[in-house]
Amino acid sequence: MNATALAVGLCLASAVAYASAAVAQERLARAAVARTAGALLGNSAWWWSAGLNAAAALLHAAALRYGPLTLVQPLGALTLVAAVPLGARGAGRRVATTEWRGTLATVAGLGLLLLPASGPAPDDTLTLAEALAVSGATAAVILLLTAVKDPRSGLRHATASGLASAAASALTQTVAVAGGRGGSLLSVRVIGVALLVVVFAVGGLLLSQRAYRGGLGAPLAVVNLANPLAAAAIGMVLLGQRLQGGALGVLLAVAGAFAAARGVLLLTRTPAPPTARALPAAPDLPGAPTTQTGSTGPVNRVAA
């Protein structure tokens, strides 16, 4: 099995695990369990979703060992394909026509982005200075996206989650490739980058949990759109990874971006599912925005 095929197989397994975790997170969010950190940490269902996310992240990290960021990240769209029907089944309803249209448009768009993205196994890695620069820039954008205390800020939190996941993936690839070459796993660079991976992975998870308060489809679509686009930018600017096919490849990528954006727009027009019965929860954390769980408007991996 060549490196590309192995990377794709690992991505498929990762997508199923991420989808299951996203469905669990969305149900907890609608039940108001995600209103406080204490409520989350004391809920066994949340730990189950966190475990699924961890397993998915490990599979994703393995895929990054064999495939470039420009290939691996767009395959995350398969999470959306699995999560939308899983979420509908968990809510005891049928998938709406608009949800199918939005999901298929998003996946088709990311598929067009994927066509020119396939390439050889990754070779270059981020230096410590580059890793710190990527981390700083990503953190700054995330702060800008989440600074406004708006109860309907779900899509901004989803975008922030996607950016955090993209940064974590780029940093993970550096650790995986450097370790795979027989380099020291105890070097300052590898340890420093690994710590940054943990920070962004956990941050992405918590941001996606906040994003799912208003539903699953649109937030998860935004996570899956922001993630590969940001990762591709990092891969092309810093890691020497390029789109294949010249001008045609660029045209396909642009068309894919428009199609994916159309899919996200359709998913934002899908009414949110009925609000689940709220579970007892402690008061909101200081400074945390309050959320009305009965909202039917777009609130938002999708993230961590």
(message) Given (1) open to solvent by 30 Å² or more (accessible area, probe 1.4 Å); (2) modelled with pLDDT of 75 or more, identify the lone condition not met by P286.
(response) (2)
(request) Mind listing whichever residues of region 19-29 are touching a Gly at 6+ places or on another chain (Cβ under 7 Å) and within 17 Å of A55 (Cβ to Cβ)? (result) V23
(message) Which condition from (1) more than 18 Å from the chain's Cα centre (by Cα); (2) at pLDDT below 80; (3) open to solvent by less than 40 Å² (accessible area, probe 1.4 Å); (4) not basic (K, R) is the one that P120 breaks?
(response) (3)
(request) Quick one: which residue in L265, L195 is modelled with pLDDT of 70 or more, surrounded by fewer than 13 Cβ atoms within 10 Å (Cβ to Cβ) and under 22 Å from the mean Cα position of the chain (by Cα)? (result) L195
(request) Mind counting the residues in region 47-91 that are under 12 Å from A7 (Cβ atoms) and part of a helix (DSSP H, G or I)? (result) 14
(request) Take V84 and decide whether it is at pLDDT 70 or above and under 16 Å from the mean Cα position of the chain (by Cα). (result) yes
(request) Give the number of residues within region 67-98 that are surrounded by fewer than 24 Cβ atoms within 10 Å (Cβ to Cβ) and either of a type in the set (D, E, K, R) or under 25 Å from A230 (Cβ atoms) (or both). (result) 6
(request) Looking only at region 16-35, decide whether some residue is at pLDDT below 80, open to solvent by less than 40 Å² (accessible area, probe 1.4 Å), basic (K, R) and assigned to a helix (DSSP H, G or I). (result) yes
(request) Check A211, A218 and return the single one that is within 17 Å of A83 (Cα to Cα), touching a Pro at 6+ places or on another chain (Cβ under 8 Å), buried (at least 16 other Cβ atoms within 10 Å of the Cβ) and modelled with pLDDT of 80 or more. (result) A211
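The values are calculated or read from the model by the stated rules, or taken from the named source; none is laboratory data. As the structure is a computational prediction, the values presented were derived from the model and not from experiment. When we count neighbours, we look across all protein chains shown, and the Cβ atoms used for this are built from the backbone with ideal geometry, even at glycine. These accessible areas exclude ligands, DNA and RNA; they are computed on the full protein's heavy atoms, side chains included. Shrake-Rupley method; radii C 1.70, N 1.55, O 1.52, S 1.80 Å.
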